[in-house]
Structures are given as C-alpha cells and as structure tokens.
Amino acid sequence: MLRELRRRARGTEWGRRYGFAEGPGAAEFARRVPVSTYEQLYPALERVLRGAPDVLWPGRPQWFAQSSGTTNARSKYVPVTPESLRQGHYRAGRDMLALSTFLYPKHRLLAGRTLSLGGTHAPNPFRPQEPASRVGDVSALIMQQLPAWAESLRTPPLALALLGEWQDKMERIAQHALRQDVRVLAGVPTWMLLLLRRVVELAGADDITQVWPHLGLFLHGAVAFGPYRELFRQLIPGPQMQYLEIYNATEGYFALQDQPGSEDLLLLLDHGIYYEFLPAAQWDAPAPRPVPLHEVVLGQPYALVISTNAGLWRYVVGDTVRFTSLGPYRLRITGRTKHFLNAFGEEVVIENAEAAVAAASLATGCRVHDFTAAPVYFAAGPGGQVQ
C-alpha cells in the first residue's frame, strides 16, 4: 500500500519534497516524512481547499469532509478524492454488505431497504466561484456520489437525506420510512434512537418491529454502542436483531466487525490507507516515532497515524486503539488522544468511562440517554480539611 501511495503521489509538491520518486522503503519514508497533526498540515490543506493542484495528491480535490475539534479553526476540512471514495469508503461498504449477507442469510437483507442517516453538504467557502466544490459531513458526501446499485438499496431518497434543517429532516424521514420495508439500519446510535422513537410514535406502535417486521441488522459507528444497547433492545425487542460496528471516520474507513460474537474490529489493510501506530509514551513527544504495523503489541494503547489516497501523509487522526489480535489484525477503539482524564494520575480513557457506564446501567436497570465525565476538584478549608 505504501508503494502504491508513494508512486501515485511522486509528482506532487509533497512527493517531490520528500523524494517519493526515489522509492523510499518504510523505514526511509518514516525518516523523511514528518508526523503531522491537522494543525501542522493545515497550511498545505488550505492551499488544496483554495484549489491549488498537485499539492498533497494529484489533481484538485473538489470535495472536503468537514468536522469539528481543531485548535486553529472551528472546523477541519479533509480532502475526499475519487480514489478515497472508490478504494476506501465504497469498497469497505461493499465488504460490509457482503459480510452481513453471509453472516445472516435468513434475514434476506438485500430484499428490503437500508435506512441510513447522514448530514448535509454546502458550497466550499474557500472557492465561492466553483459551485461543484463542496464541504460537509462525510456521510453526505458519500451518499451524494453513491454508485447506482448502492443507491437502489437505501432509503430515504437523496433529497430527504441531504436536507439541512435537522428537525424538519428527521420528521420527513420518519414519515417516509413508515411505508418502507426497512431491514438494515446504518448510522450513529444517538441519531438513530431519535428517528426510531418518532417512527414508533407516528405508527402508534408498541415497538419498531410492528412497523418493520423484517428489520434484522444495525450497522453502527461514531460513538460507543455499549451505553445505548439497552435502549435499542427496548425499541427492537426479539432475538432477530443483530448489531455490527463499523469504524468509518472522516479520514477513511478503517475497520469493521467481522465476528458477531466479538466486539473486535478487523483492520482493513488494502483500502487505500497505510497505517502506523504511535505508542502512548510518544503522544506528546516533539518528534514522535510511530511503529509499523508488524511491530504493534497486544493490549498496548496506540494513536492511529495514516497515509492515505486523499493526501494525508503520516497524519495523526487523534483516535486511540489497542490490538486484540495480530493474526489477523483486530483492534478496539479506546478513545482520543486529547480525551482522557488524568487530573490525579488516573489515566481514564474513554473506553474505561464507556465500559463503566454500560456496566452501571446494566446492574441498576437504568437507561442512559447521554453522559459526560470530568474530574472533581476539592478545595482545602481551614486546618487543611477538604471541602
């Protein structure tokens, strides 16, 4: 994968700067090309946003996935190239579809519709003179350009799926979905819960199985499913419902759950992304040194570092993972490099917090709608007593 990415990008500004045409191997590639956060890569990305050709990847990308969470801007913009769509998102989606039908043949998933929820897209503010250049949620960009065969399997229609006003969008999708033979759900659990409750309410039903009797699978991602599992069981009772997780991020489609009895995710190694992994001790290092895939260790926390066919070179995604298998490579998402509690040396990552909330809700019979976690600092009063 690295050889292919390097070959394709050898004529770009980035490729010429770091000598991609010389064919550096993995070790030399790691020595030459710096590890970059979004903030560090942003000057080059802004030029791509404004239309400069052949900067990070050949050509002029027209589409940019938009998400929040940076320090230098309110949003971050990640290029979405035709190669990243075909070899990444669409190929992995096709893999997931094939895997689902293989795992659950009795559900006849392809005989009905897949209900998918996503965001929307808008004109690129950096190129107002080019209406074809768009920015938006990666799910909206994917749906806008779906192959015809994939579009024929999904609902709602594109005109509804890409509406911008959220409340109106959810209401109209719920009204439309009442009349569909929905067999697969795909999306973020929190969004899907809102839609399912509205569909049940509109139908005057006790649960969603009375509306969609053939519903059999939920492909979920973006947030941990554990804290919401009981809510879905109440909305979709019965043993027929199955759940599979996908790891589809703004930057690419990284992994999928290929074993129903395990929460481990199979790392996708031939979908346009070259992977490296940054050990926890290197997260704050001034010159971080990721390790290649063949050097990862089971159970250790790593930050994901990727080089992609969208022009992200040794890019720190921000997600943290730990490997549960090395043959094949399977992992679990543990959180974000900037999202953990360590006020008193406790080193609580998101995975710990989510597991605790899931266990507590199961033990107490509570239904968790959402949660947050933060340290509580106690002030010392007179005489050193804690207040």
| request: Go through 274, 253, 247 for me and flag whichever is closer than 20 Å to residue 1 by Cβ and either open to solvent by 30 Å² or more (accessible area, probe 1.4 Å) or β-branched (Val, Ile, Thr) (or both). | output: 274
| query | Considering 99, 146, 115, which residue is closer than 29 Å to residue 241 by Cβ, in a strand (DSSP E or B) and out of contact with any Lys or Arg (no Cβ under 6 Å at 6 or more places or on another chain)? | reply | 115
| note | Across (1) among the hydrophobic types (A, V, I, L, M, F, W, C); (2) in contact (Cβ under 8 Å) with a residue 40 or more places away in the chain; (3) touching a strand residue (DSSP E or B) at 6+ places or on another chain (Cβ under 9 Å); (4) open to solvent by 30 Å² or more (accessible area, probe 1.4 Å), residue 191 clears everything bar (3)
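So, in region 25-44, how many residues would count as being of a type in the set (A, V, I, L, M, F, W, C) and either open to solvent by 40 Å² or more (accessible area, probe 1.4 Å) or not in a helix (DSSP H, G or I) (or both)?
In the first step, residues of region 25-44 are kept if they are of a type in the set (A, V, I, L, M, F, W, C); the result is 26-27, 29-30, 33, 35, 41, 44.
Right, trim to either open to solvent by 40 Å² or more (accessible area, probe 1.4 Å) or not in a helix (DSSP H, G or I) (or both) and you get 26-27, 33, 35.
The total comes to 4.
Search region 1-11 for residues being within 26 Å of the chain's Cα centre (by Cα) and not in a helix (DSSP H, G or I), and hand back the single one that is surrounded by the most Cβ atoms within 10 Å (Cβ to Cβ).
9
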| query | Taking region 1-37 as the region of interest, how many residues are in contact (Cβ under 8 Å) with a residue 40 or more places away in the chain, closer than 22 Å to residue 62 by Cβ and out of contact with any Leu (no Cβ under 8 Å at 6 or more places or on another chain)? | reply | 3
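Anything in region 290-320 that is touching a residue at least 24 places away in the same chain (Cβ under 8 Å), outside any strand (DSSP E or B) and surrounded by fewer than 23 Cβ atoms within 10 Å (Cβ to Cβ)? List them, or say none.
At the first step, the residues of region 290-320 found to be touching a residue at least 24 places away in the same chain (Cβ under 8 Å) are 290, 292-293, 296-299, 301-320.
Among the residues that remain, those that are also outside any strand (DSSP E or B) are: 290, 293, 296-297, 299, 309-314.
Once the filter is applied, which keeps residues that are touching a residue at least 24 places away in the same chain (Cβ under 8 Å), outside any strand (DSSP E or B) and surrounded by fewer than 23 Cβ atoms within 10 Å (Cβ to Cβ), region 290-320 yields 290, 293, 296, 297, 299, 314.
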| Hey, among the residues in region 327-361 that are surrounded by fewer than 13 Cβ atoms within 10 Å (Cβ to Cβ), at pLDDT 70 or above and more than 22 Å from the chain's Cα centre (by Cα), which one's farthest from residue 233 (Cα to Cα)? | 327
| task | Mind listing just one residue for me: the one in region 45-58 that is assigned to a loop (DSSP other than H, G, I, E, B) and hydrophobic (A, V, I, L, M, F, W, C) and, of those, surrounded by the fewest Cβ atoms within 10 Å (Cβ to Cβ)? | result | 52
| message | For residue 61, only one of the following conditions fails: (1) outside any helix (DSSP H, G or I); (2) within 26 Å of the chain's Cα centre (by Cα); (3) of a type outside the set (Gly, Ala, Ser); (4) surrounded by fewer than 20 Cβ atoms within 10 Å (Cβ to Cβ). What is its number? | response | (4)
| request: May I ask you to list the residues in region 82-125 that are more than 28 Å from residue 195 (Cα to Cα) and out of contact with any strand residue (DSSP E or B) (no Cβ under 8 Å at 6 or more places or on another chain)? | output: 82, 83, 86, 87
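So in region 362-379, with the set limited to residues that are of a type in the set (Val, Ile, Thr) and surrounded by fewer than 13 Cβ atoms within 10 Å (Cβ to Cβ), which one is modelled with the highest pLDDT?
In the first step, residues of region 362-379 are kept if they are of a type in the set (Val, Ile, Thr); the result is 364, 368, 372, 376.
Checking which are surrounded by fewer than 13 Cβ atoms within 10 Å (Cβ to Cβ) leaves us with 364, 372, 376.
Values: 364: 91, 372: 82, 376: 78.
Out of the qualifying residues, it is 364.
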| said: Just to be sure before I move on: is residue 159 open to solvent by less than 20 Å² (accessible area, probe 1.4 Å) and more than 23 Å from the chain's Cα centre (by Cα) in the structure I sent? | reply: no
| remark: Counted residues in region 12-24 being modelled with pLDDT of 95 or more and open to solvent by less than 50 Å² (accessible area, probe 1.4 Å) come to 6
| Would it be correct to say that residue 231 is of a type outside the set (Phe, Trp, Tyr), in contact (Cβ under 8 Å) with a residue 12 or more places away in the chain and open to solvent by less than 50 Å² (accessible area, probe 1.4 Å)? | yes
| query | Taking region 130-148 as the search range and keeping residues that are in contact (Cβ under 8 Å) with a residue 60 or more places away in the chain and polar (S, T, N, Q), which one is surrounded by the most Cβ atoms within 10 Å (Cβ to Cβ)? | reply | 133
| task | Might you let me know whether region 70-85 holds any residue that is part of a loop (DSSP other than H, G, I, E, B), surrounded by 17 or more Cβ atoms within 10 Å (Cβ to Cβ), among the acidic types (Asp, Glu) and modelled with pLDDT of 95 or more? | result | no
| field | Close pairs (6 angstrom Cβ cut-off, 6 or more residues apart or separate chains): at pLDDT 95 or above in region 166-185, hydroxyl-bearing (Ser, Thr, Tyr) and surrounded by 15 or more Cβ atoms within 10 Å (Cβ to Cβ) anywhere | value | 180/155; 184/114
| said: If a residue must be of a type in the set (Phe, Trp, Tyr) and touching a Gly at 6+ places or on another chain (Cβ under 8 Å), how many such residues does region 225-284 contain? | reply: 2
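The values are calculated or read from the model by the stated rules, or taken from the named source; none is laboratory data. Note that the structure is a prediction, hence the values are computed from the model and not measured. Don't worry about glycine lacking a Cβ; one is built from the backbone with ideal geometry, like all the others, and counts go over all protein chains shown. When the accessible area is computed, the model is the full protein with side chains, heavy atoms only, and any ligands, DNA or RNA have been set aside. Shrake-Rupley method; radii C 1.70, N 1.55, O 1.52, S 1.80 Å.
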